[in-house]
Amino acid sequence: MKIALITLFPEMFEALTGYGISSRAVNQGLLEVSSFNPRDFTDDPHATVDDRPYGGGPGMVMMVEPLLRALEAAKSDAPENTRVVLMSPQGEVFSQAKGIDCGQMPGLILICGRYEGIDERFIQRHVDEEWSIGDYVLSGGELAAMVVLDAIARHLPGTLGNQMSVIDESHLDGTLDYPHYTRPEKLGLDVVPAELLSGNHKQMSRYRRREALKRTLDRRPDLLTGRVFSQEDRKLLEECFAGRNAVNATE
């Protein structure tokens, strides 16, 4: 997969291409990451990429011409029908499902805005989608693009040594992850749950599913709204409710 980044700070992405799982994808040839800096596509000696907004107001706005030239350069090396995405707090919230879908694409161009924003004419004519990673504002789109890039890279076939790591991931089936434990078995008064020490795979699987549902119920009940549950999940949820009611009754 080819991912092109249009960014004023390409060096920031070395944290991904040089380290961790995403670097493994790059080194194995599963992911190709390239950067296009709008400053390299300017005509003036100061490499100007922004100007004051019409109508006044604070801050500066990224200009169309440098962005468009950088985009054209990115497209010239991109697979056919590559989607152009602007990282923006006004966009659709990026999700696990979208990350998996992106892994099936041959390419993607991510645009990282800066300053107060980007000239709207560029967005309307040249951007296919706008993505957000949450309801907050960052100094630029680079950190958001890094989150997206990492989420996509881990789902490329062959990136993870154990593909079960992907299958069991949090949010993959609409629930949060279950708790994890490792050695030592006892840590002061805290011990590893007996189900995980039983050696009974069915019992361990049931425990993990129940805890995933319980954690989702406690922390993100919105993820469970409107879902159709299996008979086993219904039983586990009933156990979660019973446990919650028992705790409330003792308080």
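Observations on the structure shown:
- Which numbered condition residue 15 fails, given (1) outside any loop (DSSP other than H, G, I, E, B); (2) open to solvent by less than 40 Å² (accessible area, probe 1.4 Å); (3) touching a residue at least 60 places away in the same chain (Cβ under 8 Å): (2)
- Any pair with Cβ under 7 angstrom, 6 or more apart, that starts in the stretch 218-230 at a residue that is under 15 Å from residue 176 (Cβ atoms) and ends at one that is open to solvent by 70 Å² or more (accessible area, probe 1.4 Å) and at pLDDT 90 or above: none
- Note on the stretch 33-68: residues that are outside any loop (DSSP other than H, G, I, E, B), among the small types (Gly, Ala, Ser) and open to solvent by less than 40 Å² (accessible area, probe 1.4 Å) total 1.
- Among the residues of the stretch 180-239, those that are outside any loop (DSSP other than H, G, I, E, B), within 26 Å of the chain's Cα centre (by Cα) and not aliphatic (A, V, I, L, M) comprise 208, 209, 210, 211, 214, 215, 216, 218, 219, 221, 222.
- Here residue 84 meets each of (1) open to solvent by less than 10 Å² (accessible area, probe 1.4 Å); (2) modelled with pLDDT under 95 with one exception, condition (2).
- When we screen 30, 8 for residues that are crowded, with 19+ Cβ neighbours inside 10 Å, touching a residue at least 24 places away in the same chain (Cβ under 8 Å) and closer than 25 Å to residue 151 by Cβ, the only hit is 8.
- The set of residues in the stretch 223-251 being within 12 Å of residue 175 (Cβ to Cβ) and open to solvent by 60 Å² or more (accessible area, probe 1.4 Å) consists of 227 alone.
- Residue check: residue 177 meets all listed conditions (1) among the acidic types (Asp, Glu); (2) under 23 Å from residue 151 (Cβ atoms); (3) at pLDDT 95 or above but one, namely (3).
The values are calculated or read from the model by the stated rules, or taken from the named source; none is laboratory data. None of the values given here were measured: they were computed from a predicted structure. All Cβ positions, glycine included, derive from the backbone under ideal geometry; neighbour counts span all protein chains shown. Accessible surface areas use protein heavy atoms only, side chains included; no ligands, DNA or RNA. Shrake-Rupley method; radii C 1.70, N 1.55, O 1.52, S 1.80 Å.
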